[in-house]
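The values are calculated or read from the model by the stated rules, or taken from the named source; none is laboratory data. Since the structure is predicted, the reported quantities are computational estimates derived from the model, not experimental observations. Cβ atoms come from the backbone with ideal geometry, glycine included; neighbour counts cover every protein chain shown.
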Amino acid sequence: MVAEITIRGGRMKASPNFNPDGNMSLPFLEMRKISKRFPGVQALDLVDFFCYRGEVHALIGENGAGKSTLMKILSGAYRPEAGKIFLDQKEILLSGPKDAQARGISTIYQEFNLVPELNVAENIFLGREVRKPGSPILDISAMHELSREQLAKLGSDMNSRIQIKDLTVANQQLVEIAKALSLNANIIIMDEPSAVVFGKELDALYRIIDSLREDGKTIIYISHRLEEIFKIADRATILKDGKLVGTVAPKEVDKPTIVRMMVGRSLHETYPAKGIGSKNEILEVRNLSRGKILKDVSFRAYFGEILGIAGLVGSGRTELARAIFGADSFPRGEIIFNGKEIKTSSAKNAIKLGMGFITEDRKKEGIVHSLAVAKNLTLIILKSISKACFIRKPAEREVAQKCIHKFNIMTPKLDTEIQYLSGGNQQKVILAKWINSNPKLIIMDEPTRGIDVGAKAEIYQLMRNLVQEGTTIIMISSELPEIIGMSDRILVMHQGRIVGEIASAEATEERIMMLATGQQIEKINEGKAIES
């Protein structure tokens with residue numbers, strides 16, 4: 001008997017090993033009554049988790065729910081304080097990550113574990129290089145041949161001699177998967193794999209996951225994107241506050257049910273009600289160009305609105321944001337902000353004029369990892385809390401306390417280093433940091449990437465509160481439901497150009513994707529469709 005599952009709008013056959021009903025075969029992996037405690041935190045409390053061969057099993061929950069801790073135990077990075085792990089019905093004791101790999105358990109992290117200066121083959125076999133028989137000399141030819149074989153299994157003819165730094169993010173991810181296969185992995189843990197790929201690259205990832213499932217591999221898929229859970233997962237286990245809430249088959253439940261299980265409350269409206277905004281211009285961009293990246297980009301933004309910018313990866317969205325903020329120069333075009341032309345490309349100047357910029361990569365560009373929460377919150381306004389070049393500690397703490405209260409930032413102490421906060425709380429710190437500077441315009445590039453649904457709802461409400469107070473937000477997002485749910489107007493980019501403007505009430509995912517893929521161009525502000 002072969003189980004059928006629904007995936008991406010059609011039907012496909014799952015591996016005959018997959019057992020959705022519990023009556024065809026025994027679980028391949030079992031984690032029983034797993035507990036783990038850190039100082040002051042019960043990270044896992046008697047959690048049960050099991051998987052079958054040939055299934056995609058989603059592991060979901062809010063930030064801090066225990067997902068990463070459970071998977072670090074499975075990958076050998078942590079040892080549980082209580083509980084047992086069974087693999088193919090035999091109890092195992094994992095001594096470390098290498099032991100887990102030797103048993104066929106491999107992890108692909110959101111932040112890839114690759115060496116940029118080494119080539120594809122060298123990365124795939126890093127630490128376990130192939131040597132010529134009876135010799136310490138590396139067998140370079142064999143490593144490249146084996147690498148090509150693993151990549152071919154994934155439908156790729158990638159050049160194994162190319163350096164990692166010269167690959168796209170999607171191809172880097174492919175190398176990580178090939179590396180896992182070269183380890184003879186039967187269980188592949190994927191931590192937020194869709195956080196770094198979009199559009200066609202994401203579809204390619206889904207096809208790879210399908211092929212791995214058909215080969216009998218077990219995929220444990222960690223994600224905050226509920227839409228993809230319903231597309232690719234056979235079952236989903238939900239954790240909350242270190243406890244097991246339950247395991248469900250996505251095809252048998254709806255999104256609100258899973259949301260309630262994750263956050264412990266009903267989210268009647270994920271997106272807050274939209275405002276009216278005004279027709280007073282805050283920003284006008286005229287014929288902005290930069291090589292092949294930006295081509296004659298023109299648009300307007302108004303006080304008190306959320307202007308969404310959609311488009312595929314490489315369409316120029318982030319480059320446009322960076323040019324407006326002054327992070328990158330542009331050889332041609334004009335930017336008029338609050339009635340004045342910006343003549344100098346300078347982020348410092350943009351901040352002085354009243355702009356803020358929440359970058360796409362919060363870990364590299366949005367926070368200072370080793371600094372305390374209080375210091376991250378006041379980075380933009382140091383001048384206002386300083387006297388004679390010295391920071392006034394009472395003023396710093398007062399500002400930080402107000403931010404923590406206003407934005408509901410969950411942190412043990414003001415002095416806690418920000419790197420120890422959850423992704424959602426880090427993002428709220430970044431948002432609060434910019435709001436402290438009283439900006440007239442905030443550009444938000446992927447503001448909720450990697451954040452759970454509960455934290456997303458809070459950030460959405462904070463964004464809507466801001467625009468009600470008169471602030472303008474330009475929001476770049478690859479999540480179409482977010483673009484449609486939050487934007488008052490939507491601009492769509494394709495190959496460095498704005499190819500359409502859509503009113504919020506008329507926006508659909510299909511219409512946005514038609515524009516984003518270049519299949520249709522709409523005259524801005526006229527609403528007329530022209531087939532390209």
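Candidates in the stretch 463-498 are the residues that are among the hydroxyl-bearing types (Ser, Thr, Tyr) and more than 21 Å from the chain's Cα centre (by Cα); of these, the one that is farthest from residue 202 (Cα to Cα) is 471. Taking each residue of the stretch 315-336 that is within 23 Å of residue 366 (Cβ to Cβ) and in a helix (DSSP H, G or I) and looking for partners that are at pLDDT below 90 and among the basic types (Lys, Arg) with beta-carbon atoms closer than 7 Å, six or more apart or interchain, yields 319/290; 323/290.
Only one entry of 252, 284, 319 meets the criterion of being of a type in the set (Asp, Glu) and closer than 25 Å to residue 448 by Cβ, and that entry is 319. Residue 342 meets each of the listed conditions (1) within 31 Å of the chain's Cα centre (by Cα); (2) modelled with pLDDT under 90; (3) surrounded by 14 or more Cβ atoms within 10 Å (Cβ to Cβ) apart from (1). Of all residues in the stretch 355-368, those that are surrounded by fewer than 17 Cβ atoms within 10 Å (Cβ to Cβ) and either on the phi > 0 side of the Ramachandran plot or not aliphatic (A, V, I, L, M) (or both) total 4. You will find that of 411, 359, 448, 416, the residue that is in the same structural domain as residue 481 (by TED's automatic domain parsing), of a type in the set (Ser, Thr, Tyr) and within 30 Å of residue 225 (Cβ to Cβ) is 448 and no other. Among the residues of the stretch 176-202, those identified as modelled with pLDDT under 80, over 14 Å from residue 56 (Cβ atoms) and assigned to a helix (DSSP H, G or I) are 195, 199, 200, 201, 202.
Residues being outside the structural domain of residue 301 (by TED's automatic domain parsing), hydroxyl-bearing (Ser, Thr, Tyr) and either modelled with pLDDT of 90 or more or buried (at least 16 other Cβ atoms within 10 Å of the Cβ) (or both) are entirely absent from the stretch 379-387.
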